[in-house]
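First the structure, in the form of structure tokens, and then the observations on it.
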Amino acid sequence: MNEKTLFTPIAVTGLSMISAQGKSLRDSWGGITAAGKALRPWSEDPSDNLGPLLVASCGDLPRPDDLPATLWASLARTQQLAALAADEALTSAGLPRRLGRASQAMGLFLATTVCGMDKSEQFHRQYRENPERTDTRLMRRIQPYEVLAFIARRHRLTGPRILFLSTCVGSAMAIGAACDAIGLGRVQMALAGGTEALCRLLLSGFNSLRLVAPNGCQPFDAQRRGITVGEGAALLVLESPAHAKARGAQPIGYVRGFGATCDAHHITAPEPSGQWAAAAITSAVRESGLSPGDIGYINAHGTGTRDNDAMEARAISAAFGALGAPVPPMSSTKRLTGHTFAAAGAIEAAICLQAMATGLLPPNAGLAQADVACNLPLVLQSRPARTNAVLSCNFAFGGNNTALVFSRQVEMDHGRPARKGAPA
């Protein structure tokens, strides 16, 4: 393999997850591995005619001690989720909540879809009740840059900040871009991931497409009927291994490869053969420099829709066939977290890293009867397994496809060097 094609290993030194299973990485992981029931009926507004659809809500969010109650209440829910995730990730990495020194210059690579749509909906309710008594300040929170700007200001992140709006692959794209920035020496550290909040627009939109499962999603099940809409946030602290070592940080794992392609096929439907999704997977694995047989677990995108799950099954089978390795154990965790759209890639990256760190594979919850057409080695219940490398796949509207490879140790490169010119 040409060493120029290899991905520069990037250390993950901090990690967070806020999900329907818990308001911390520890609680979320405990709920996921226990296949905890986290779905609840949507009840934000009885007049929205959405009926008893089940959603994966994070519930009430605890206010950080340093944020006044009035400020906290004024924030969009995407900002609140991102704030909690940023606090946990920075603490996990052994970093102060406020950075800003030149030696701590950190980039921010963040993804969202709905931005501050909950505040826009609040404004609409006010206007509907009394047009003369509306709070126009609410409209500021809908701006896409607001969530990015708030996190950067709060933590004094003085590196570049980039917002990704590529829907369900957004936070995977954010992680890949952050790794590239570090590998090229443009930043020393980065905070990367995604945040997404439930709102009427998101739920109504997917319900109008008849893509919401009335009783919760069932990824790869023969009777699957659609997605479960969820919310959450996850952030990774990323840095070069040399920078992590210099400050005495202990890596949780390493990002080893990233692949991204586009079907260029349809605005919502995946390209049926899965050839471009497979290309993203093979690119990530080959770029990692790892042996395909090192991959011990796949976290599938697995939304629970008929077309997407079938395409993903074809893509994964084709990719590992091309790589000359059997498909490793895999599961979709979306029954447990809901589909968190722009946050999905980061939440599922955190799940992959936890699978390696704890030696537990999470279950493909919601499966009653496996679709024989998918023919995948699904993990039906949590089980112990030592995995040295894992793969996370995400696919999105517009035909966007991503794959991320993580490893437990940076030395798992079978003697292949990192990319020339990049920091160690």
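Simple spin-label model, 7 Å along Cα-to-Cβ: A325 to E411 in nm?
Taking the simple label geometry, A325 and E411 are separated by 2.0 nm.
When the chain is treated as a GNM, springs tying every alpha-carbon pair under 10 Å, which of R247, R314, R256 comes out with the largest mean-square fluctuation?
Answer for the Gaussian network model of the chain: R247.
For I227, which sequence-distant residues (separation of 5 or more, or a different chain) have an amide H within less than 5 Å of its own amide H, given hydrogens modelled in the peptide plane?
Correct list: V212, A213.
With Kirkwood radius over Cα pairs in Å in mind, check [x] 21.3; [y] 22.0; [z] 25.4 and report the label derived from this structure.
Only one listed value fits the structure, namely [x].
Return the sequence-ordered ³J(HN,Hα) values of segment 57-69 in whole Hz as given by the Karplus equation 6.51 cos²θ - 1.76 cosθ + 1.60 applied to θ = phi - 60°, using x for Gly and Pro.
Those phi angles translate into 9, 7, x, 5, 9, x, 7, x, 4, 7, 10, x, 4 Hz.
Over the chain, what is the relative contact order in percent, taking alpha-carbon pairs closer than 8 angstrom and at least six residues apart?
On the way: 1115 pairs, mean separation 101.0, N = 424.
Result for the chain is 24 percent.
Rounded to the nearest 0.05, what FRET efficiency is calculated for R153 and A385 with R0 set to 56 Å and r the Cβ-Cβ distance? All intermediate terms of the calculation are to be shown ahead of the outcome.
On the way: r = 42 Å, r/R0 = 0.75.
Calculated transfer efficiency: 0.85.
Can you give me the long-range amide H partners of L361? Hydrogens built in the peptide plane at 1.01 Å from N, cutoff under 5 Å, separation of 5 or more residues or another chain.
Excluding prolines and chain starts, which carry no amide H, the hits are R383, A385.
Assign unit charges at the C-beta atoms only (+1 for Lys and Arg, -1 for Asp and Glu), then state the dipole size of the chain relative to its Cα centre in Debye, rounded to the nearest 20.
Numbers: 40 positive and 32 negative charges, 167 e Å.
The dipole magnitude comes to about 800 debye.
Taking the beta-carbon count within 10 Å as an exposure proxy, list R335, R154, R137 from fewest neighbours to most. Provide the component values of the computation, followed by the final result.
Values: R335 29, R154 18, R137 10.
Going from least to most buried by this count: R137, R154, R335.
From the backbone phi of segment 375-380, what are the Karplus-calculated ³J(HN,Hα) couplings (6.51 cos²θ - 1.76 cosθ + 1.60, θ = phi - 60°) in whole Hz, Gly and Pro given as x?
Computed from phi, the couplings for segment 375-380 are 6, 10, x, 6, 7, 7 Hz.
With a 10 Å Cβ neighbour count serving as the proxy for reagent exposure, in which order, fewest first, do T13, T337 appear?
Listed from fewest to most nearby Cβ atoms, that is T13, T337.
Please name whichever of L61, W72, L95 sits farthest to the positive end of the charge dipole of segment 3-407, dipole taken about the Cα centre and charges placed at Cβ: Lys and Arg +1, Asp and Glu -1.
Of the listed residues, the answer is L95.
Cross-chain or 8 or more residues apart, Cα under 27 Å: how many lysine pairs in the chain fit that? Count them up, please.
On the way: K4/K245; K4/K420; K23/K37; K23/K119; K23/K334; K37/K334; K119/K334; K245/K420.
Close lysine pairs found across the chain: 8.
Can you compute 3J(HN,Hα) from phi for each residue in segment 252-269, using the Karplus curve 6.51 cos²θ - 1.76 cosθ + 1.60 with θ = phi - 60°, rounded to whole Hz and x for Gly and Pro?
For segment 252-269, the Karplus curve yields 7, x, 9, 7, 10, x, 9, x, 9, 9, 9, 5, 6, 10, 7, 5, 10, 7 Hz.
Please give the contour-minus-distance gain from A269 to S208: 0.36 nm per residue of separation, less the Cα-Cα distance, rounded to one decimal in nm.
Details: separation 61, 0.36 × 61 = 21.96 nm, distance 1.52 nm.
Between A269 and S208, full extension yields 20.4 nm more.
In segment 70-100, which trypsin sites (Lys or Arg not before Pro) are in a loop and have at most 13 other Cβ atoms within 10 Å, using DSSP for the loop call?
On the way: sites: R77, R97, R98; in loops: R97, R98.
Sites meeting the loop and neighbour criteria: R97, R98.
Considering only segment 3-407, what is the antiparallel percent among its DSSP beta bridges, to the nearest 5? Mind showing how you got there, number by number?
Details: 38 of 59 bridges.
Roughly 65 percent of the beta bridges in segment 3-407 run antiparallel, per DSSP.
Could you tell me which residue out of A172, P328, T8 lies farthest along the dipole of segment 3-407 toward its positive end? Charges go on the beta carbon: Lys and Arg +1, Asp and Glu -1, centred on the Cα centre.
It is T8, whose Cα lies furthest towards the positive end.
With the crude spin-label approximation of a point 7 Å out along Cα→Cβ, what separation in nm comes out for R26 versus F397?
3.8 nm
Sorting V255, V55, V410 on the 10 Å Cβ count, fewest up front, what's the list?
Values: V255 28, V55 23, V410 17.
Least crowded to most crowded, the residues run V410, V55, V255.
Taking the Cα centre of the chain as the origin and placing charges on Cβ (Lys, Arg +1; Asp, Glu -1), which of Q250, I162, S28 is farthest toward the positive end of the dipole?
Checking the options against the dipole of the chain, the answer is Q250.
FYI, it's all coordinate maths here, none of it is from the lab. Computed from a predicted model, the values in this text were never measured in an experiment. Cβ coordinates were reconstructed from backbone atoms using ideal geometry, including for glycine residues, and neighbour counts include every protein chain displayed.
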